[in-house]
Amino acid sequence: MMAISCFRKLFVRLFILTFFLLPISCVISKDVWIAEDQILADVYSKKNMPAAVDIKPISKQIINLPEKGPLKITVEDAILMALENNRSLLVERINPFIQKTFEDQELAVFDPIVNAGASIRRDDSKTLNPSGSYSDSSVNDVFAGSISLKQFFPTGTFVEVATVTKTTDSDQYSTQYASTRLGLSVTQSILQGYGTDVNLARLRQSQLETDITQYELRGFSESLLAQVETTYWDYALSLRQMEIVEESLKLARQQITETEEMIRVGATAEAELAAVQAEVAAQQQGLIDAKSTLESNRLRLIRLLNPSGDNPWERDIILVHPPTLPEIKYDEVGAHVAVAMRMRPEMNQARIDIQKNDIEIVRTKNGLLPQMDLFITLGKTGYANSFSGSVNDIKDDSYDMMVGLNFEYPIFNRNASAQQRRVLLSKDRAEMALDNLKQIIALDVRNAYIEINRTKEQISASTATRKFQEEKLRIETEKFRVGRSTNLFVAQVQRDLLVSRINEVRAVVNYLKATVHFYRMEGSLLERRGINAHGHSPVKM
């Protein structure tokens with residue numbers, strides 16, 4: 001019961017001390033808190049970043065697709081569906097939020113901390129008298145309690161406001177002895193650890209890491225968009241290829257009918273039937289392959305779009321617009337290279353890495369300095385035979401004050417020197433990596449530019465080839481009907497026509513895919529498709 005009573009007394013005292021301490025601490029540190037808030041506000045105001053998952057169309061678009069039945073979509077619908085439903089993108093969107101938690105951790109260094117403690121101690125001891133024998137034992141009960149508020153500021157300042165109370169109840173005295181002290185302690189780093197540039201370095205680096213995750217998300221989004229468009233056009237090619245093979249197979253079967261009729265009337269030898277039968281078998285094989293390719297591309301597109309429904313894998317896809325040749329005018333290649341230098345996410349990530357190294361140089365350079373701290377401690381203590389009396393006695397003119405310096409410096413300081421050298425070397429490496437990346441990107445854009453021109457020229461060439469093959473088949477068929485050709489020659493020409501028709505569609509699809517690849521190498525694919533995402537503005541060095 002005695003211990004419970006003592007704890008109750010201590011709790012009441014600490015509760016009173018809390019209200020006594022907090023107003024004083026707020027007055028003392030008010031100006032410092034305002035300064036810190038301004039510093040941290042300046043840090044965040046330089047970012048002005050959009051939300052971490054802000055990947056959406058510039059103009060609001062709504063897709064209303066049924067949850068069952070075939071998907072009837074345009075390429076624009078496919079892009080919007082992927083940005084909304086693709087599971088890989090949903091996973092990547094979480095990364096900036098995860099990185100943002102590290103910013104909060106670095107910011108927590110400047111959070112105020114409240115510390116409170118209470119203790120009860122009993123000393124039951126004996127003392128020696130001058131004759132060397134033990135005197136009567138004494139019992140001392142000591143009740144102690146403390147509460148403090150402390151905070152570290154970006155200026156390199158550590159402030160602590162604390163109050164400590166102590167009451168001693170001894171059977172050797174008729175009354176209790178109580179003391180209460182209210183103190184303020186300020187420690188300011190003068191050399192190592194001085195200034196906001198050093199103390200906010202980790203926070204600023206963490207914010208840059210968040211920027212990097214934003215650019216990584218942008219790069220992933222561009223890659224996903226390119227996959228969607230490429231797969232969309234591959235699926236369109238597969239559809240058209242199957243239609244062409246079916247038409248060719250129908251033509252080959254018609255050729256069998258004509259050949260059988262000519263054999264029946266004696267216009268041609270029976271041996272001519274084998275060639276056209278072989279062609280039909282070959283066309284059937286081609287049809288099987290075309291159906292397999294079509295199904296594979298459909299499944300790939302379903303995976304990218306991730307449509308709603310219980311079983312999306314079984315849903316058919318109907319393309320609204322077949323592959324057609326777009327009217328696009330390109331600038332000279334140097335202008336597109338310049339755009340890539342500004343827009344490519346890899347370039348901006350490399351620039352941020354250099355910025356991180358610059359901040360780390362400031363931090364490690366500060367580590368080369370000796371540690372010298374100026375400290376000031378002020379306090380007032382009240383004494384009385386009760387807790388309340390000791391609190392009231394604080395108003396007296398008595399006080400204590402201490403001012404001093406702490407100095408510390410490792411003789412060789414190898415650790416700080418090694419960190420500084422490593423950071424300088426890392427910066428040199430990052431700058432060289434940026435120069436190397438510039439060359440790689442320039443090469444990527446120029447190769448993609450060449451591919452666009454090549455595929456565009458292939459369109460007209462493949463169209464001409466298809467027209468010549470159609471005429472060649474017409475002539476060879478007429479020759480066969482008048483007995484001047486054979487089914488073998490007709491089958492060969494039919495096969496050539498089939499290949500040329502597929503190649504003509506493939507040339508258009510290749511051009512569309514080359515355009516997508518070129519825009520991705522340029523870093524402008526999202527903007528050209530009307531998608532808003534973080535990273536459209538280049539990082540300034």
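Since every read-out is calculated from the coordinates, none of them should be taken as a lab result. Everything numeric in this text was worked out from a predicted model, so none of it was measured. Heads up, the Cβs are rebuilt from the backbone with ideal geometry, glycines too, and the neighbour counts pull from every protein chain shown.
Worth pointing out:
- In nm, spacing of pseudo-spin labels at S386 and T175 (7 Å Cα→C-beta vector): 1.0
- E295-A274 pseudo-label distance in nm [points 7 Å out on the Cα-to-Cβ vector]: 3.4
- Cα extents for the chain along the principal axes, largest to smallest and rounded to whole angstrom: 150, 55, 48.
- Note on segment 346-484: Kirkwood hydrodynamic radius from all Cα pairs is 24.3 Å, rounded to one decimal.
- Cross-link reach list, aspartates and glutamates versus K329, counting only Cα pairs under 16 Å and skipping chain neighbours closer than eight places: E451, E457, E522
- Multiplying each eigenvalue of the alpha-carbon gyration tensor of segment 304-393 by 5 and taking the square root yields semi-axes of 69, 33, 12 Å, largest first, rounded to whole angstroms.
- At q = 0.20, 0.22, 0.27 Å⁻¹ the log10 of I(q)/I(0) for segment 474-541 amounts to -0.86, -0.92, -1.08, computed by Debye summation with a single uniform scatterer per C-alpha, solvent ignored.
- The phi-based Karplus calculation (6.51 cos²θ - 1.76 cosθ + 1.60; θ = phi - 60°) puts the 3J(HN,Hα) values of segment 88-102 at 4, 5, 4, 5, 5, 5, 6, 4, x, 5, 4, 5, 4, 5, 5 Hz, whole numbers, x for Gly and Pro.
- Within-12-Å neighbourhood charge of R122 [Cβ basis; K, R +1; D, E -1]: -4
- Taking max minus min of the alpha-carbon positions on each principal axis, segment 267-333 gives extents of 57, 48, 21 Å, largest first.
- For segment 157-291, taking the reciprocal of the average inverse distance between every pair of different Cα atoms yields a Kirkwood hydrodynamic radius of 25.0 Å.
- Sparse-neighbourhood loop sites, GluC sites (Glu not before Pro) in segment 332-422 - DSSP loop, at most 11 other Cβ within 10 angstrom: E332
- Just so you know, the Cα atoms of segment 230-284 work out to an Rg and Dmax of 15.6, 53 Å.
- Available extension along the chain between L368 and R528 is 52.6 nm, counting 0.36 nm per residue and deducting the alpha carbon span.
- Between S426 and D111, the FRET efficiency estimated from the beta carbon spacing at R0 = 35 angstrom works out to 0.70.
- C-alpha center-to-center spacing [segment 496-541, segment 224-272] in angstrom: 30
- A cut-off of 5 Å between modelled amide H atoms, ignoring neighbours fewer than 5 places along the same chain, links L191 with M372.
- Averaging 1/r across all pairs of distinct Cα atoms in segment 243-363 and inverting the result yields a Kirkwood radius of 21.2 Å.
- Residue-count net charge about R466 - beta-carbon cut-off 11 Å; Lys, Arg +1, Asp, Glu -1: -1
- Given K72/K456; K250/K291; K365/K427; K467/K513; K356/K540; K365/K438, the pairs whose alpha carbons are separated by over 20 Å: K72/K456; K467/K513; K365/K438
- Residue by residue, segment 392-403 carries 3J(HN,Hα) couplings of 5, 6, 4, 5, 5, 6, 5, 7, 10, 8, 9, 10 Hz when phi is fed to the Karplus relation 6.51 cos²θ - 1.76 cosθ + 1.60 (θ = phi - 60°); x denotes Gly or Pro.
- Neighbourhood charge, 12 Å Cβ-Cβ cut-off, centred on T187 and excluding it, Lys, Arg +1 and Asp, Glu -1: -1
- All Cα pairs of segment 405-541, percent lying beyond 22 Å: 67
- Under the Debye formula (equal points on every Cα, no solvent term), log10 I(q)/I(0) of segment 98-236 at q = 0.10, 0.18 Å⁻¹: -0.67, -1.06
- Restricting segment 413-449 to trypsin sites (Lys or Arg not before Pro) that sit in a DSSP loop and have at most 16 other Cβ atoms within 10 Å of their own Cβ leaves nothing.
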